[in-house]
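Remarks on the structure that follows.
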Amino acid sequence: GSGLVHTAPAHGVDDFGVGIAHGLPLDCAVDAKGRFTAAVAEAAPYAGMRVLAEGSEAVLADLRQRGALLASADHTHRYPYDWRAHAPVIFRATAQWFASVDKLRPSALAALDGVRMVPPAGRARLEAFVRGRAEGCLSR
């Protein structure tokens, strides 16, 4: 990556919070395959390029050509990894649908009475999850 300190509200929990607090747009320039898109004008020249590969190199080359790159150095980031795909996880804000759990909570907790938990200790964890959950994401 560029190594610049920036705020990308569509690409991480902390940046999302800052973006919402300051009314920043949630434009996402990265698709589900980790490639730049033309959704953000500044990313359009790199559309189709992988963010964590040739896309970053193209951004650096562009900055060099413009005389806008002060320095460049390799740094190994500790990205979270998807254990199934063996690839870094790129955080992206996406549209989601949520449902309130408030009306479902009593019947969900009652339904747990008829479930045999293995191991039994899992019951307390699941009950705490249902009791503390305000909403559930339907679109995942």
(request) Divide by every residue of the chain the summed helix terms, -39500 (n - 2.57) for each DSSP H run of at least 4, and state the resulting mean residue ellipticity at 222 nm, rounded to the nearest 500 deg cm²/dmol. (result) -8000 deg cm²/dmol
(message) Can you find, among Phe16, Phe91, Gly132, the residue sitting farthest towards the positive end of the charge dipole of the chain, where Lys and Arg contribute +1 and Asp and Glu -1 at Cβ?
(response) Gly132
(message) Cut-off 10 angstrom, C-alpha nodes, Gaussian network model of the chain. Which of Phe129, Phe98, Phe16 fluctuates the most?
(response) Phe129
(request) Please give the helix 122-132 orientation as an angle from the longest Cα principal axis of the chain, in degrees from 0 to 90, rounded to the nearest 10. (result) 70
(request) Compute the acute angle (0 to 90°) between the alpha-carbon long axis of helix 56-66 and the principal axis of greatest extent of the alpha-carbon atoms of the chain; round to the nearest 10°. (result) 30
(request) In debye, nearest 20, what is the charge dipole magnitude of region 10-140 about its Cα centre with +1 on Lys and Arg Cβ and -1 on Asp and Glu Cβ, if you could check? (result) 620
(request) Note the full-extension length gain between Glu57 and His86 as 0.36 nm times their separation in residues minus their Cα-Cα distance, in nm to one decimal. (result) 8.3 nm
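Which FRET efficiency, nearest 0.05, do Leu69 and Leu138 yield, Cβ-Cβ r, R0 35 Å? Intermediate values should be presented prior to the final figure.
Details: r = 44 Å, r/R0 = 1.26.
Using R0 = 35 Å, I get an efficiency of 0.20.
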(message) Relative to 2.2 N^0.38 Å, what does the C-alpha radius of gyration of the chain come to as a ratio? Two decimals please.
(response) 1.47
(request) Quick one: grab the alpha carbon gyration tensor of region 79-119, order the square roots of its eigenvalues as a ≥ b ≥ c, and give me rounded if a/c is under 1.5, else prolate or oblate depending on whether a/b is larger than b/c. (result) oblate
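A short reminder: the numbers here are calculations on the coordinates, not readings from a lab. This one's a predicted model, so the numbers in the text were calculated from it and none came from an experiment. Glycine gets a Cβ as well: all are built from the backbone with ideal geometry, and neighbour counts include every protein chain shown.
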